[in-house]
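Quick notes on the structure that follows.
Please treat every number below as a calculation from the coordinates, not as lab data. Being a predicted model, the structure only gives us computed values, none of them experimental. All Cβ positions, glycine included, derive from the backbone under ideal geometry; neighbour counts span all protein chains shown.
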Amino acid sequence: GYFGRYGGAFVDSAVAERLSELEGAFQEALGDPEFEREYRELLRHYVGRPSALTRCLNLSSLSPKGARMYLKREDLNHTGAHKINNALGQGLLARRMGKDRIIAETGAGMHGTACATVAALLGLQCTVFMGEQDVKKQAPNVARMRALGAQVVSVSQGAGTLKEAVDAALDRYVSDPGAFYLLGSVVGPHPYPTMVRHFQSIIGEEAREQFLQVEGCLPSHAIACVGGGSNAMGLFSGFLGDPSVQLVAVEPAGLGLHTDKHAASLLKGREAVIHGFRTYVLTDHDGSPAEVHSVSSGLDYPGVGPELAHLKDLGRIRCESVTDREALEAFLTLSRTEGIIPALESSHAVAYALKLLPTLNEDQAILVNLSGRGDKDLDTVMRELRL
Ligand SMILES: CC/C=C(/N=C/c1c(COP(=O)(O)O)cnc(C)c1O)C(=O)O
């Protein structure tokens, strides 16, 4: 369960026992054609895959030398983000293991909504832990989770954001041995980073085929925002074998990397253990996870996936960042130029792409993961931009 020096499972023996049972069930499911068939059938007929690859015709015209920009439309999936790809896969695994209740963490509420959706579909009980700050900031998703029958537990500890939601979910996992923890990103103890990457790899598999079909060549850059790293690993996994494709991980610079109000774990973190795995962590003076900040709840996390940490050390991915302000501006630019309202998380990838596009020439085309839709963020954007 290691990616170079990162990953592993730093948990007590009782939890280690359950994680190895989980890994066994996952490996068995991978070997069962029936599991794969049912997963792929639901991706098609329930999630609505393959998700579109949309060319930004108007934005592309902004690039003086004719470079083109494409969006992988994970915002068009059922529930409005990439999170459903993973929630569905793990939900099927939970049912296969005979579990009747799932627990989850959420920040933006997209993973929580995906879990509540899959629980309704598969007849499972669902409890979602959510920081009280995010309960306020992503209220539309709290209503959606409750409408879908999930119990949403507000977490008041600490900053009341994603880190505390994960803490609370892990506590419940320990105290309730019958619960299945449906973890929402490529983080946490082994096998979660491997399992979540597997269930998100459909993104890169489709995008590579679609891009070759429409452009007749590979993208010069594949760009994704990074919170825990699951939409990025999903996209990147389709191109790891193509060294000509520059993989760009875009982190939240919040109020600036020179402040402590950001969540750029890859760019500014140091090696440490968080939530049972070793990775780049933003820590405070005593080495514990620092309080972090991003305008987008889904990127507001002090850790990052171990595979991304390893790919950074290998030099296989480029780590970039954009500020809250740049993400908010990109939210409006995409909405008003292409008629597509992106999630604030995804707006970080769009903001970087908009800076990159003018520097490219007519034989280059870039691919941006539009990881989710921005309805949940409208109040925040209207307030922050005084619209
Ligand atoms: C699992 C906690 C993260 C959540 N969301 C993260 C997120 C992210 C960042 O998560 P990763 O892809 O795992 O880095 C990107 N795009 C959208 C639309 C997101 O909602 C959530 O609770 O919905």
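Helices meeting the span-like rule in the chain (full DSSP H runs, Cα extent of at least 30 Å along the helix axis, mean Kyte-Doolittle score of -1.0 or higher): 192-215. Among Glu320, Glu38, the ranking by other beta carbons within 10 Å of each residue's beta carbon, starting with the fewest, stands as Glu38, Glu320.
Within 10 Å of each residue's Cβ, count the other Cβ atoms and sort Tyr192, Tyr39 from fewest upward.
Working: Tyr192 31, Tyr39 19.
Ranking Tyr192, Tyr39 by Cβ neighbours within 10 Å, fewest first, gives Tyr39, Tyr192.
Grab the beta carbon distance between Met97 and Asp171, set R0 = 35 Å, and tell me the FRET efficiency rounded to 0.05. Result of the calculation: an efficiency of 0.95. Among the GluC sites (Glu not before Pro) found in segment 333-387, those both in a DSSP coil and sparsely packed, with 13 or fewer other Cβ atoms within 10 Å of their Cβ, are Glu362. Put a dot 7 Å past the Cα of His45, heading toward its Cβ, do the same for Lys65, and the two dots end up 4.9 nm apart. With the biggest extent put first, the Cα atoms of segment 219-270 measure 36, 19, 18 Å across the principal axes. Once both labels are positioned 7 Å from their Cα atoms along Cα-to-Cβ, the gap between Arg55 and Thr359 label points is 2.5 nm. Counting neighbouring beta carbons within 10 Å and listing from fewest to most, the residues Lys137, Lys99, Lys65 come out as Lys65, Lys99, Lys137.
More than 26 Å apart: what percent of Cα pairs in segment 215-355 qualify?
Working: 2156 of 9870 pairs.
Tail fraction, whole percent: 22.
Among the listed pairs Lys99/Lys376; Lys268/Lys312; Lys163/Lys261; Lys72/Lys312; Lys137/Lys163, which are separated by more than 19 Å between their Cα atoms? Present the calculation step by step, with values, prior to reporting the outcome.
On the way: Lys99/Lys376 31 Å; Lys268/Lys312 12 Å; Lys163/Lys261 15 Å; Lys72/Lys312 23 Å; Lys137/Lys163 15 Å.
Going by Cα-Cα distance, Lys99/Lys376; Lys72/Lys312 fall outside the 19 Å limit.
Which percentage, to the nearest 5, of the DSSP beta bridges contained in the chain is antiparallel?
Details: 14 of 48 bridges.
The answer is about 30 percent antiparallel.
With N as its number of residues, segment 1-122 has a Cα radius of gyration that, divided by 2.2 N^0.38 Å, comes to 1.36. Give me the distance between the Cα centres of segment 60-112 and segment 189-214, rounded to whole Å. Segment 60-112 and segment 189-214 have Cα centres spaced 11 Å from each other. Across the chain, the fraction of Cα-Cα pairs farther apart than 38 Å, rounded to a whole number, is 11%. Adding -39500 (n - 2.57) for every DSSP H run of four residues or longer, then dividing by how many residues the chain holds, sets the calculated 222 nm ellipticity at -13500 deg cm²/dmol.
What the pair-distance distribution of segment 140-261 shows, using all Cα-Cα distances binned every 5 Å from zero, is 2, 9, 13, 17, 17, 15, 12, 9, 5, 2, 0 percent.
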